[in-house]
């Protein structure tokens, strides 16, 4: 079973949904019970290409692009808070009439997914969170300098089209800390990540606004709902990540009543769902088999 690692193959499965939040780009591969994948800051649905490659013969795999990322445009003045991003995902699910979905998320997409689950638990069969923001860790301390720079208007001048002129250098600087070996990230994917957020000066300014909007109050607002959440929820955590430590996964397990456990990917960094997709797929299959749509928590 070959993994989708070729950008052309991934692109051939891209579509555009007309939603209440505007057009939303996504890849839709395979048939069967839906699995919805949500990425984080600076990547896109492409993050999940290897996971989708392993699962496409058994599941309908849907990888959404958040605003300004991948093929989803950003509207002038669009709400780019975590709550606003969650609304986009909620509107996307409504447009595709997704129900009984298994939601899987990484990085800032995990914070978005927590809000989606808090708002619309009845739409989900299960939730899987990989390394991501948690209550009290928004933004994570290692990313806080970037957020503060964005709020001061200093991030955009440091990015923009120049990032695309030296893809190997940008790969190392922008993504190296999230990989055990960043050479596992193809340069064509680096380009696909960077063009939407840095391809023009205007996009760089919008990305600055995206990063500046990352605030803890959005997760705090749904804390009561998360403390009532009975959707079966698994944390799959890379232990080598400097942004989101294992204690943050344990925090989620203690907070969410539907939590089924924490499993670890030894040495995995932030983007292990790309670099070590096989490890994640093993845990996804087990979680999904134990908690099929309509079965409820164990």
Only one of 85, 98, 135 is surrounded by fewer than 21 Cβ atoms within 10 Å (Cβ to Cβ), farther than 19 Å from residue 228 by Cα and in contact with a helix residue (DSSP H, G or I) (Cβ under 8 Å, 6 or more places away or on another chain), namely 98
The lone condition residue 260 fails out of (1) under 30 Å from residue 78 (Cα atoms); (2) buried (at least 16 other Cβ atoms within 10 Å of the Cβ); (3) touching a helix residue (DSSP H, G or I) at 6+ places or on another chain (Cβ under 8 Å) is (1)
Among (1) in contact with a strand residue (DSSP E or B) (Cβ under 7 Å, 6 or more places away or on another chain); (2) assigned to a helix (DSSP H, G or I); (3) farther than 15 Å from residue 35 by Cβ, residue 147 falls short only on (1)
Q. For residue 10, are the conditions met, namely being in a strand (DSSP E or B) and either at positive phi or in contact with a strand residue (DSSP E or B) (Cβ under 8 Å, 6 or more places away or on another chain) (or both)?
A. no
Going through (1) within 18 Å of the chain's Cα centre (by Cα); (2) in contact (Cβ under 8 Å) with a residue 40 or more places away in the chain one by one, residue 265 fails only at (2)
How many residues of segment 150-170 are more than 20 Å from residue 272 (Cα to Cα), in a helix (DSSP H, G or I) and without any contact (Cβ under 8 Å) to a residue 60 or more places away in the chain? The answer is 10
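Every number in this text was worked out from the coordinates using simple rules, so none of it is lab data. Quantities reported herein were computed from a predicted structural model and do not represent experimental measurements. A quick note on method: Cβ atoms are made from the backbone with ideal geometry, for glycine too, and the neighbour counts reach across all protein chains shown.
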